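I have placed the structure first, in the form of structure tokens, so that the comments after it can refer back to it.
The values are calculated or read from the model by the stated rules, or taken from the named source; none is laboratory data. Keep in mind it's a predicted model, so treat the numbers as computed, not measured. Backbone-built Cβ (ideal geometry, glycine too); neighbour counts: all protein chains shown.
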């Protein structure tokens, strides 16, 4: 993840990522959408403990992992020890994009990261700059402002997104939006009950496992009935830098 006001990068230990590591169906769902566009030289921001990174690595020729937490960086380095195609950078997104060369990457991946960035529009402009022509932005963020909760605040989220305004931000940065859709339609209700109304600031491991095993396959099946789901707990966006 990235720096947060409530838990700064230096303090962030990633205990939530340990709980969420077991969500194999959920990560597979995201990667099923991302995989066709993951290729060449890639960068992942907010790599955390490598839950997404490990799934990206077989698809990438080279993978840069950017993570600001000094407690998580050693985990990433240990996980990819001996892999010369993986480089781990201990810094936040803003620092990395400001120093990265133009046209450096074929793809940039941000899973639950953009909501941590105060100036998300500027971040998207910088991501556009560092991508090669034809390069792809793969983005996954929390959705629906009415779901904003104490947990969002605790982990330093500045906002939750709506699909169309997020697509507009990407287009304003220069991207051609290929897909923008809500994901996890069924996840809206439990998030609203447990976090928005209930005020929880931690993830219950048993409920996380249960939802991953039963809820994710069910909501995936339901969402296949829609060209694009009308709402969902997250937004997934795929955008391209025109050649």
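Values as computed for the structure displayed
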quantity: Filter result for residue 83 (out of contact with any helix residue (DSSP H, G or I) (no Cβ under 6 Å at 6 or more places or on another chain) and either assigned to a loop (DSSP other than H, G, I, E, B) or buried (at least 17 other Cβ atoms within 10 Å of the Cβ) (or both)); calculated: yes
quantity: Among (1) on the phi < 0 side of the Ramachandran plot; (2) surrounded by 24 or more Cβ atoms within 10 Å (Cβ to Cβ); (3) in contact with a strand residue (DSSP E or B) (Cβ under 7 Å, 6 or more places away or on another chain), the one test that residue 46 misses; calculated: (1)
quantity: Test: residue in the stretch 156-168 that is closer than 17 Å to residue 116 by Cβ, at pLDDT below 95, outside any strand (DSSP E or B) and touching a helix residue (DSSP H, G or I) at 6+ places or on another chain (Cβ under 6 Å); calculated: yes
quantity: Complete set of residues in the stretch 172-192 that are free of Cβ contacts under 8 Å to residues at least 60 places away in the same chain, farther than 20 Å from residue 148 by Cβ and not in a strand (DSSP E or B); calculated: 172, 173
quantity: Among the residues listed as 106, 120, 32, the single one being within 27 Å of residue 233 (Cα to Cα), modelled with pLDDT of 95 or more and out of contact with any helix residue (DSSP H, G or I) (no Cβ under 7 Å at 6 or more places or on another chain); calculated: 32
quantity: Residues (more than 23 Å from residue 21 (Cα to Cα) and over 21 Å from the mean Cα position of the chain (by Cα)) located in the stretch 185-243; calculated: 197, 198, 222, 224, 225, 226, 227, 242, 243
quantity: Residue in the stretch 86-107 that is surrounded by the most Cβ atoms within 10 Å (Cβ to Cβ), counting only those that are outside any helix (DSSP H, G or I) and more than 18 Å from the chain's Cα centre (by Cα); calculated: 86
quantity: Criterion: free of Cβ contacts under 8 Å to residues at least 40 places away in the same chain, exposed (fewer than 12 other Cβ atoms within 10 Å of the Cβ) and outside any loop (DSSP other than H, G, I, E, B) - qualifying residue of 221, 227; calculated: 221
quantity: Residue in the stretch 123-139 that is part of a loop (DSSP other than H, G, I, E, B), crowded, with 20+ Cβ neighbours inside 10 Å, at pLDDT 95 or above and on the phi < 0 side of the Ramachandran plot present; calculated: no
